[in-house]
Every structure is written in structure tokens, then in C-alpha cells.
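Let me begin by presenting the structure, written as C-alpha cells, before commenting on it.
Please treat every number below as a calculation from the coordinates, not as lab data. Just so you know, these numbers come straight off a predicted model, no measurement behind them. Cβ: placed from backbone, ideal geometry, glycine included. Neighbour counts: every protein chain shown.
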Amino acid sequence: MKTGRADATDIGIALGRIALALVFLQAGWSKLSGWPGIVHLLTRLHAPYPTLGGIIAIGCELLGGAMVALGFRARLGALVLIAFTIGANWLTHRFWLMQGAAKSAAEIQLLLDLSICGGLLILASTGPGRVSLDRR
């Protein structure tokens with residue numbers, strides 16, 4: 001077991017957590033500050049209960065993102081973000097129903113989000129590292 005000061009691996013894990021979390025924190029803040037926009041988008045996508053969906057999206061992104069960034073119950077935060085990302089992608093990036101450039105763009109976005117889920121899955125499996133609130 002390591003003791004003492006954080007090393008380069010510890011710092012790298014902390015920076016990786018922050019990088020993973022930033023996209024969710026920014027997206028959650030954007031939805032919150034432009035509140036009617038997410039409800040209109042979910043309505044247009046025929047999502048059930050668009051207002052509740054918007055609240056859930058904001059909560060998952062801000063709370064899950066903060067948990068991952070701070071390393072506070074980071075494994076749980078990562079799992080919440082994985083579930084949210086899979087659900088959001090199922091609703092918004094249905095490339096298999098699209099044609100042309102829209103299909104390509106949606107497929108790329110889904111694959112990018114899948115790679116983020118991969119990073120979150122690694123975090124959920126290995127934990128937040130030594131530079132985290134969970135380790136204090």
C-alpha cells in the first residue's frame with residue numbers, strides 16, 4: 001500500500017476524473033441555465049414526461065459529474081453517468097433511423113459517448129484514486 005504524497009499516477013487519475021466530469025458538468029449547467037430548451041427538446045423527441053426528464057438529466061449530469069470530479073462516491077457517480085449516457089443516447093442519437101450526413105453525425109456522437117462510458121466504467125471498476133474525497 002502506498003503512503004505519503006501523491007505521485008504522478010495519483011495526479012493522472014484525478015485529472016482524468018475531472019476531464020470525464022467536465023462534459024457532464026457543462027452540459028448540466030447548460031440545461032439548467034437554458035431550462036425551457038431541454039423540455040422543448042424532449043418534447044420534440046416524444047420523450048415521456050419531458051419536464052421530469054429535464055430535471056433528471058440536470059440532476060444526473062450535475063450531481064454525477066460533481067461526484068466524479070471530486071472523487072466523492074465516484075464509483076456510484078460513474079455508474080449514474082453511464083446509465084444516463086446510455087439512456088440519453090438511445091433517445092437522441094438513433095443513427096439507425098437516419099440518412100446521410102445526419103446518420104454519420106449521430107453515429108459518431110454515439111461512439112464518442114460510448115468511449116466516455118468506457119472511461120467511466122474504468123473509474124467505476126478501479127475507484128477514484130488517492131487524490132479524492134473518498135480517500136480523505
Single condition Ser104 does not satisfy, out of (1) closer than 30 Å to Leu15 by Cβ; (2) among the polar types (S, T, N, Q); (3) exposed (fewer than 14 other Cβ atoms within 10 Å of the Cβ): (1)
Hey, can you tell me all the residues within segment 107-136 that are surrounded by fewer than 16 Cβ atoms within 10 Å (Cβ to Cβ) and polar (S, T, N, Q)? Gln109, Ser115, Ser125, Thr126
Options Thr51, Thr92: the member that is among the polar types (S, T, N, Q) and under 22 Å from Leu114 (Cα atoms): Thr92
Which ones in segment 71-85 are of a type in the set (Gly, Ala, Ser) and closer than 18 Å to Ser132 by Cα? Gly71, Ala74, Gly77, Ala78
Leading residue by the ranking (nearest to the chain's Cα centre (by Cα)) among those in segment 64-102 that are in a loop (DSSP other than H, G, I, E, B) and hydrophobic (A, V, I, L, M, F, W, C): Phe72
Out of segment 12-71, which residues are surrounded by fewer than 17 Cβ atoms within 10 Å (Cβ to Cβ) and aromatic (Phe, Trp, Tyr)? Trp29, Trp35, Tyr49
Any idea which of Gln99, Gln26 is of a type outside the set (Gly, Ala, Ser), within 24 Å of Ala124 (Cα to Cα) and free of Cβ contacts under 8 Å to residues at least 12 places away in the same chain? Gln26
Among (1) closer than 16 Å to Ser125 by Cβ; (2) not in a helix (DSSP H, G or I), the one test that Arg17 misses: (2)
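Under the condition of being within 24 Å of His40 (Cβ to Cβ) and without any contact (Cβ under 8 Å) to a residue 12 or more places away in the chain, which residue from segment 84-96 is surrounded by the most Cβ atoms within 10 Å (Cβ to Cβ)?
The first filter runs over segment 84-96 and keeps only residues within 24 Å of His40 (Cβ to Cβ), leaving 84-95.
Checking the rest, the ones that are also without any contact (Cβ under 8 Å) to a residue 12 or more places away in the chain come to 87, 90.
Values: Gly87: 15, Trp90: 10.
The extreme case among them is Gly87.
Only one of these is farther than 11 Å from Ile58 by Cα, within 19 Å of the chain's Cα centre (by Cα) and of a type in the set (Lys, Arg): Arg5, Arg17, Arg44. Name it.
On the way: Arg5 fails: within 19 Å of the chain's Cα centre (by Cα); Arg44 fails: within 19 Å of the chain's Cα centre (by Cα).
Exactly one of Arg5, Arg17, Arg44 is farther than 11 Å from Ile58 by Cα, within 19 Å of the chain's Cα centre (by Cα) and of a type in the set (Lys, Arg), namely Arg17.
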Looking for whichever is among the basic types (Lys, Arg) and under 20 Å from Ser125 (Cβ atoms) here; the options are Arg73, Arg94, Arg5. Which one fits? Arg73
